[in-house]
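So the structure is just underneath, and the comments pick up after that.
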Amino acid sequence: DTGVSQNPRHKITKRGQNVTFRCDPISEHNRLYWYRQTLGQGPEFLTYFQNEAQLEKSRLLSDRFSAERPKGSFSTLEIQRTEQGDSAMYLCASSLLGEAVETQYFGPGTRLLVL
Amino acid sequence: AQKITQTQPGMFVQEKEAVTLDCTYDTSDPSYGLFWYKQPSSGEMIFLIYQGSYDQQNATEGRYSLNFQKARKSANLVISASQLGDSAMYFCAMYGTSYGKLTFGQGTILTVHP
């Protein structure tokens, strides 16, 4: 059973450019989460999906951010018109709703640096 | 709203000794779950241990155990027989039944000395 994978692992971009990250969850997991982690802090929730439905969005998710999970499998997170404050680690996690303990398993993250 | 507090920015321990990492929480949910994750310098969050709010026994998982004191709203992680590979950032996190998301603390950096 493969774990959660994320691509790319690192991304350097210039301010104002758009970037897109991909997350592939554990295959049978129906919930998928995006978190953002800045240096020295714990991860902060951005949004989550149950199958293809986006059920909750944090107020951290400005209108420059959009996330999709079109077929209930992989997900993409797009940031438009990037700003230096978007520099962070973007973590994806997945879980299986209905398990006795719904544990979120994380991917390796995508480190974004906006110059 | 939920809140996790980890008051130890950094901890040091000698190899083969035990160490306790502190975590206190606040929630209005009657039912909730508490997690500990390890984050090495590579960045991946590794699940260590879980404690449910209604669990009567403290959770254990190999060298990890969770000292759960519900009245004090604390969920401290105990690592026994520390190894050099335990050096990492450790996060306490929780979710309530009202939420799917996890709320994380600020983390504790553990350094294991040989």
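FYI, it's all coordinate maths here, none of it is from the lab. Here the structure is a predicted model, which is why all the values come from computation and not from measurement. All Cβ positions, even for glycine, are placed from backbone atoms using ideal geometry, and neighbour counts span all protein chains on display.
Hull volume per residue, based on the alpha-carbon atoms of the protein assembly as shown and their convex hull, is 126 Å³. With each label modelled as a point 7 angstrom along the Cα→C-beta vector, the B:D29-A:S58 pair spans 1.5 nm.
For A:T47, the residues whose amide H sits under 5 Å from its own are A:W34, A:S58, ignoring neighbours fewer than 5 places away on the same chain, with H placed 1.01 Å from N. With contacts taken as Cα pairs under 8 Å and at least 6 residues apart, region A:33-115 reaches a relative contact order of 26 percent.
Structure remark: mean-square fluctuation, Gaussian network model of chain B, C-alpha springs under 10 Å; the largest value among B:Q56, B:Q39, B:Q14 belongs to B:Q56.
Taking every alpha-carbon pair under 8 Å whose residues sit at least 6 apart, chain B reaches a relative contact order of 38 percent.
Treating the beta-carbon of each Lys and Arg as +1 and of each Asp and Glu as -1, no other charges, what is the dipole magnitude of chain B about its Cα centre, to the nearest 20 debye? Intermediate values should be presented prior to the final figure.
Values: 8 positive and 9 negative charges, 41 e Å.
My answer is approximately 200 debye.
Scattering from the C-alpha atoms of region B:37-114 alone, worked out with Debye: what is log10 I(q)/I(0) at q = 0.17, 0.20 1/Å? Log-scaled intensity ratios, in q order: -0.72, -0.98.
Which one of A:L46, A:T110, A:S27 is farthest out on the positive end of the charge dipole of chain A, using unit charges on Cβ (Lys, Arg +1; Asp, Glu -1) and the Cα centre as origin? The one lying farthest along the dipole's positive direction is A:T110.
Listed by chain and number, the lysines whose C-alpha is less than 29 Å from the C-alpha of B:K38, apart from same-chain residues fewer than 8 away, are A:K11, A:K57, B:K3, B:K16, B:K70, B:K73, B:K101. Between B:D22, B:D55, B:D86, find the one with the highest GNM mean-square fluctuation for chain B; connect C-alpha pairs within less than 10 Å. Looking only at B:D22, B:D55, B:D86, the largest GNM fluctuation is found for B:D55.
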